[in-house]
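Below: one structure, written as structure tokens.
The values are calculated or read from the model by the stated rules, or taken from the named source; none is laboratory data. The structure presented is a predicted model; accordingly, all values stated were derived computationally and were not measured. Here the Cβ is made from the backbone with ideal geometry for all residues, glycine too, and neighbour counts use every protein chain on show. Ligands, DNA and RNA are excluded from the accessible area calculation, which covers all protein heavy atoms including side chains. Shrake-Rupley method; radii C 1.70, N 1.55, O 1.52, S 1.80 Å.
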Amino acid sequence: MFPGSFMMGAKDRLLPPSIPYRFFVAAVFFHLLAWVLLLVGNEGVLGFVGGQGMTLAALHLITLGTLAMTAMGAAIQLLPVATRRPLGPVWAIKLMFILYAPGVALFAAGLAHSFAWAQHAGATLCVVGLALFGGLVGANLRRVDDLPGVTRHAWLAVASLIGLAILGLVLVIDFTKGFLPDHTSVAAAHAVLAGYGFMGMLSAGFSFVLIPMFVLGSAVPDAVGKRTAQLSGLGLVLGAGGVLVGIGTLSALGALLGLAATIVYLRGMLASLKTRMKKRLEPFFRMVWVAWALLPVSLVAALLPALGAPLDPWAELWVFLLVFGWLLSFVTAILQRIMPFLASMHSSALGGKPALLSHLSPKLPVDIHLGCHTAALVLISVALVGGWVWPLRLGLIAGLAGAIAFGVYTVEVLRRYRSHMAAAVAAHQQG
Ligand code: HEM
């Protein structure tokens, strides 16, 4: 099936633009805030092996506030288009945002200042928002049997979401009650389920639709989707189970299965790229290459603490490569492409020509974001391994500069869309 066919009738399934965009704008804002917190609290970054404070707060402004927030905004619009079934009532999607976005802010504030009440209230709001998301996605997938690459990964994501939320809440309560025999292992299991499970499987599942659609390449065969889901599922069980019970060889086996799934996944993606109709890849794809390179690197890094290397710095390097290296690069790449894509889809709502993607997406801010984000990844990785303050500070400044550039890009896409619509309204009124 050619990906273009997904778009047939897609316009009928478009949500009002403010619905997905509130998620995208919140994600861009929390991304910026996370880098500010890391810079302000930079003395707590080197040697971070967990615990309350600015670093953990910034980590969750990225994981919950940027990664999961973008996944929610993309899923509510993409799943109905890909599966040709609505994702549930609009009021439920609005409620999801009203609970989740303030929950993220409150949870981060509680972690940054060690306010237990804010952590508990914020985490609860986040979990309720994520549960609503999981419920809406699950209800949509239950009736789909023709998209194994998407549905199997989405089910793995929903299952991982349940695990990460339970472990996340247990970790929050343990900050005040201190009842866990091994807090660090529970945190690592939470990170595996959240990073590779929830976010990883959503990213993999959506890329089976998005990448072929954005590059106009051939669809990825269902067999590839089935195989990556099987290998990933087994890898997640062994990876998370191994760290939870403290058996390093088990979690190392999980990471190796993850590497096998990654090879099958990347080969499927590259095969679709080879058949693409648009030979010149768009600017967003540069960040996709960064993400695809750092996914296997994060899994190799996971082998080090699994096989006994000291948590400081190797567990921190793994978390950094997983969250900032692979996931944040992939999510900002998709965000960079999906925001003007949706704006272009909506731009012909009043008749008249749709706004061109190239017109809606300014290039300079994303060039700056790519350069700064990549520099930040290299400098901070070197700083974490060497324990050096100056590469860390330079890396955090580069990360913040990149986040500001991405913010400018977002504001400019929305400004250009609004001015196109204003012109369309004027033309419409002149008849
Ligand atoms: C409602 C949802 C969540 C809650 C309540 C939560 C809670 C926590 C807590 C309390 C910790 C600290 C453990 C410690 O360092 O002492 C933690 C660590 C972590 N969380 Fe979350 N989290 C949630 C969602 C997520 C999501 C969605 C992701 C990723 C996509 C994520 C990724 C991580 C990572 C990577 C760590 C660091 C683990 C480590 O230091 O080994 N979390 N989380």
Return yes when Leu295 is under 21 Å from Ala154 (Cβ atoms) and open to solvent by less than 40 Å² (accessible area, probe 1.4 Å) and no when it is not.
yes
Of the numbered conditions (1) farther than 22 Å from Phe208 by Cβ; (2) touching a residue at least 12 places away in the same chain (Cβ under 8 Å), Val224 satisfies every one except a single condition; which is it?
(1)
Check off (1) farther than 25 Å from Ala223 by Cα; (2) within 16 Å of the ligand (Cβ to nearest atom); (3) under 19 Å from the mean Cα position of the chain (by Cα) for Leu136 and give me the number that stays unchecked.
(2)
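State whether one or more residues within the stretch 280-289 are without any contact (Cβ under 8 Å) to a residue 24 or more places away in the chain, open to solvent by 20 Å² or more (accessible area, probe 1.4 Å), of a type in the set (D, E, K, R) and within 30 Å of Gly402 (Cβ to Cβ).
Scanning the stretch 280-289 turns up at least one residue that is without any contact (Cβ under 8 Å) to a residue 24 or more places away in the chain, open to solvent by 20 Å² or more (accessible area, probe 1.4 Å), of a type in the set (D, E, K, R) and within 30 Å of Gly402 (Cβ to Cβ).
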Tally time: how many residues in the stretch 136-154 are out of contact with any Gly (no Cβ under 8 Å at 6 or more places or on another chain) and assigned to a helix (DSSP H, G or I)?
3
Against the conditions (1) more than 13 Å from the ligand (Cβ to nearest atom); (2) of a type in the set (Gly, Ala, Ser); (3) at pLDDT 95 or above; (4) out of contact with any Gly (no Cβ under 8 Å at 6 or more places or on another chain), where does Ala131 fall short? Just the number, please.
(1)
Determine if the stretch 160-167 includes at least one residue that is within 11 Å of the ligand (Cβ to nearest atom), under 23 Å from Leu307 (Cα atoms) and touching a residue at least 40 places away in the same chain (Cβ under 8 Å).
no
Number of the exception - Trp117 against (1) surrounded by 16 or more Cβ atoms within 10 Å (Cβ to Cβ); (2) over 23 Å from the mean Cα position of the chain (by Cα); (3) more than 11 Å from the ligand (Cβ to nearest atom); (4) among the hydrophobic types (A, V, I, L, M, F, W, C):
(1)
Leu370 passes all but one of the listed conditions (1) assigned to a helix (DSSP H, G or I); (2) more than 21 Å from Phe30 (Cβ to Cβ); the exception is number (2)
Flagged in the stretch 306-319 as more than 9 Å from the ligand (Cβ to nearest atom) and either farther than 21 Å from Ile247 by Cβ or in a helix (DSSP H, G or I) (or both), in numbering order, are Ala306, Asp312, Pro313, Trp314, Leu317
Could you list all residues from the stretch 246-264 that are of a type in the set (Ser, Thr, Tyr) and in contact with a Phe, Trp or Tyr (Cβ under 9 Å, 6 or more places away or on another chain)?
Thr262
I need the helices (runs of 4 or more DSSP H) fully contained in the stretch 173-266, keeping only those with at least 3 residues that are crowded, with 20+ Cβ neighbours inside 10 Å, at negative phi and away from the ligand (no atom under 14 Å from the Cβ).
200-215, 222-245
If I go through the stretch 251-292 residue by residue, how many of them are within 15 Å of Gly217 (Cα to Cα) and either among the aliphatic types (A, V, I, L, M) or in contact with a strand residue (DSSP E or B) (Cβ under 6 Å, 6 or more places away or on another chain) (or both)?
7
Filter result for Ala154 (open to solvent by less than 60 Å² (accessible area, probe 1.4 Å), more than 15 Å from the ligand (Cβ to nearest atom), under 17 Å from the mean Cα position of the chain (by Cα) and not hydroxyl-bearing (Ser, Thr, Tyr)):
yes
